[in-house]
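Asks: Dropping the structure in here first, questions after.
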Number of protein chains: 2
Amino acid sequence: MNKKNNLLQCPNPQTECKECPIRKMALFRDVPEDDLGWMQEFRNSQYLLPAREILFRQGETAHTLYTLFDGWLIIFKILDNGKRQILRFLLPGDFFGFQVNSIGPTGGYLHSSLALMDSTLCAFPTTQLRLMMEKQPQLAIRLAEMEMHDMNLCQHHLIGTGRKNAQERIAFLLLELFHRVRLQKQNDYDESSNSIIFPLTQEDIGDAVGLTSAHVNRTLREMEKKGWTQCQGKYLTIRNEEALSKTGQFDPRIIISKPLI
Amino acid sequence: MNKKNNLLQCPNPQTECKECPIRKMALFRDVPEDDLGWMQEFRNSQYLLPAREILFRQGETAHTLYTLFDGWLIIFKILDNGKRQILRFLLPGDFFGFQVNSIGPTGGYLHSSLALMDSTLCAFPTTQLRLMMEKQPQLAIRLAEMEMHDMNLCQHHLIGTGRKNAQERIAFLLLELFHRVRLQKQNDYDESSNSIIFPLTQEDIGDAVGLTSAHVNRTLREMEKKGWTQCQGKYLTIRNEEALSKTGQFDPRIIISKPLI
DNA sequence: CGTAAATTTGAGGTGCATCAATTAAAGTGG
DNA sequence: CCACTTTAATTGATGCACCTCAAATTTACG
């Protein structure tokens, strides 16, 4: 039950914080370059987590904070009835492993975390965060900012699950993930391409938006027949973004991380 | 459509921050007493908002941050199809009005806010928050802490709406609100009483957990017949907390605000 | 190339929605 | 304090979106 250590230590040399390509999205974005050196001292290491492996399970004690460096992860909870709810999709730059994501009142994780594809993580000890924030108050502001961004997504997620039908929920989810990936790759990739690598199974989609995989399948088929999307294999293609955003009530501006105030 | 100024200015004298009875729950909790004076300079005033009046509407431009001093409020969103999703219940000490609660990318509110009973608010200008945080880094940490607490509630809300049936959702909601109110009144009230003032209509309950008011009614009746709760008039009584927490999968420890790390 | 995992499809059932009408409760002004 | 009005609660009949279970088919992968 308590399978641990799916993590593999990264081979050296590892990425320096100073040269980190995703830092512009990450917690340390606002830390001055000169201070990154000692910040990096706090870091444990970089780790590799293979696809479909668990990083932590609800109940385990937590002592590590993570920044996702490369890959896709999910944060989810298994209920008493065995059902699974996916709470959050993690993309490169996302920060997690603390309180609601998910250290509970007992000190153990409230949720579990799983890699959807081979992923790389930067880790440092939970105990250091407050210390670092006291030395670098910018860090606290940036953390609040990131929290708010995640909260925004969580609220949209809630709105969908509470008040939208299957098609509306799925349209929103596909567009959200599509745009989040695109925001990452804005330099690397062909802007005009409307496809992304998409590692979710239909069961994952269902557990994110509160539907059965069978119903997800039927809904995806419908949307394909209408020529809105293509979602098969490891790729997602958006063919009619306008129709999708309209039914899903999705506005791409929610994806952009805004300053706190 | 754009009805404004449901707010009434409070009669003087107003409560001093230094003597504020809810500060132990609020944003300024960790600000040293000596600094509260100049903090208070930033504050606009205290306002009264009558029951069932709107504080702000989605779309309006935002320039005020609020701490709820007394009363109950909800934050909600109206979808294109006219349906309403309640995102958050605000109790005294809660802080809101910023980004996800709810300033969107356009600078306007994403959500609306409504008083469930006569309420009192402390207000200060949006533009001051960053300034205050720079002078008082504790404030940023405290803000992140409160955000995380709210995020936790939001995630539980999502779990319920996504993966629980009507009875489980309602049981969780009633217990959550019951315990939050009790935590407030821990000194004022009789600890042993299992009743609280409860200003939600059945439609409010439905819009919080994603059900019709008709179905909420039938479910509440069921739970009353089983002797679990009594929810009528302006009161909620918990009669069988064990049964309720078990079906709702509610753990009162999630209510307690934990330090950031 | 063989096995496991994911997708696809079908038949049948149900939890909750929808719509509508009735009853009860809460305000409101005289 | 009572008639009046409005709002909320209650209840019933009917329908559908989505679930459940299961089998067939396709795809992924060592």
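Asks: Considering (1) hydrophobic (A, V, I, L, M, F, W, C); (2) assigned by TED's automatic domain parsing to the domain that holds B:Tyr47; (3) within 30 Å of B:Asp35 (Cβ to Cβ), say which one B:Met151 fails and leave the rest.
Replies: Result: B:Met151 fails condition (2) only.
Asks: Next question. Does A:Cys122 satisfy being at the interface with another protein chain (Cβ under 9 Å from one of its Cβ atoms) and open to solvent by less than 30 Å² (accessible area, probe 1.4 Å)?
Replies: Considered against the rule, which asks whether it is at the interface with another protein chain (Cβ under 9 Å from one of its Cβ atoms) and open to solvent by less than 30 Å² (accessible area, probe 1.4 Å), A:Cys122 comes out as no.
Asks: Taking B:Lys24 as meeting all but one of (1) within 16 Å of DNA strand C (Cβ to nearest atom); (2) assigned to a helix (DSSP H, G or I), write down the number of the exception.
Replies: Status for B:Lys24: all satisfied but (1).
Asks: From A:Leu173, A:Leu200, A:Leu183, grab the single residue that is assigned to a helix (DSSP H, G or I), crowded, with 19+ Cβ neighbours inside 10 Å and not polar (S, T, N, Q).
Replies: Working: A:Leu200 fails: assigned to a helix (DSSP H, G or I); A:Leu183 fails: crowded, with 19+ Cβ neighbours inside 10 Å.
None of the others qualify; the one that does is A:Leu173.
Asks: Which of (1) more than 26 Å from B:Val181 (Cα to Cα); (2) at pLDDT 90 or above; (3) in contact with a Gly (Cβ under 6 Å, 6 or more places away or on another chain) is the odd one out, the single condition B:Gly59 does not satisfy?
Replies: The number of the failed condition is (2).
Asks: Oh, and also: Which count do you get for residues in the stretch A:23-63 that are over 21 Å from A:Ile141 (Cα atoms) and either hydroxyl-bearing (Ser, Thr, Tyr) or in contact (Cβ under 8 Å) with a residue 24 or more places away in the chain (or both)?
Replies: 20
Asks: Any idea how many residues of the stretch B:217-237 are touching a Ser or Thr at 6+ places or on another chain (Cβ under 9 Å) and within 10 Å of DNA strand C (Cβ to nearest atom)?
Replies: So the count comes out to 1.
Asks: Moving on. So which residues in the stretch A:232-249 are more than 11 Å from chain B (Cβ to nearest Cβ) and surrounded by 14 or more Cβ atoms within 10 Å (Cβ to Cβ)?
Replies: Selection gives A:Leu236, A:Thr237, A:Ile238, A:Arg239, A:Asn240, A:Glu241, A:Ala243, A:Leu244, A:Ser245.
Asks: May I ask you to list the residues in the stretch B:238-256 that are away from DNA strand C (no atom under 14 Å from the Cβ), modelled with pLDDT of 95 or more and not aliphatic (A, V, I, L, M)?
Replies: Scanning the stretch B:238-256 gives B:Arg239, B:Asn240, B:Glu241, B:Glu242, B:Ser245, B:Lys246, B:Gln249, B:Phe250.
Asks: Does A:Arg163 satisfy the condition of being open to solvent by 20 Å² or more (accessible area, probe 1.4 Å) and either over 30 Å from B:Arg142 (Cα atoms) or within 13 Å of DNA strand D (Cβ to nearest atom) (or both)? Show your work before the answer.
Replies: Numbers: open to solvent by 20 Å² or more (accessible area, probe 1.4 Å): yes; either over 30 Å from B:Arg142 (Cα atoms) or within 13 Å of DNA strand D (Cβ to nearest atom) (or both): yes.
Yes: the conditions hold for A:Arg163.
Asks: Within the stretch A:150-167, does at least one residue satisfy the condition of being within 16 Å of DNA strand C (Cβ to nearest atom) and either modelled with pLDDT under 90 or part of a loop (DSSP other than H, G, I, E, B) (or both)?
Replies: Yes: one or more hits.
Asks: The conditions are (1) modelled with pLDDT of 95 or more; (2) more than 14 Å from chain A (Cβ to nearest Cβ), and B:Ile74 fails exactly one of them. Which is it?
Replies: Among (1) modelled with pLDDT of 95 or more; (2) more than 14 Å from chain A (Cβ to nearest Cβ), B:Ile74 violates only (2).
Asks: Right, next: Among the residues of the stretch B:214-231 satisfying the criterion of being within 9 Å of DNA strand D (Cβ to nearest atom) and more than 14 Å from chain A (Cβ to nearest Cβ), which is most open to solvent (accessible area, probe 1.4 Å)?
Replies: Here the residue is B:Arg218.
Asks: Looking at (1) touching a Phe, Trp or Tyr at 6+ places or on another chain (Cβ under 8 Å); (2) within 16 Å of DNA strand C (Cβ to nearest atom); (3) among the acidic types (Asp, Glu), can you tell me which one B:Glu60 breaks?
Replies: (2)
The values are calculated or read from the model by the stated rules, or taken from the named source; none is laboratory data. As the structure is a prediction and not an experimental result, all values here were calculated from the model. Here Cβ is always computed from backbone atoms with ideal geometry, including for glycine, and neighbour counts include all displayed protein chains. Ligands, DNA and RNA are excluded from the accessible area calculation, which covers all protein heavy atoms including side chains. Shrake-Rupley method; radii C 1.70, N 1.55, O 1.52, S 1.80 Å.
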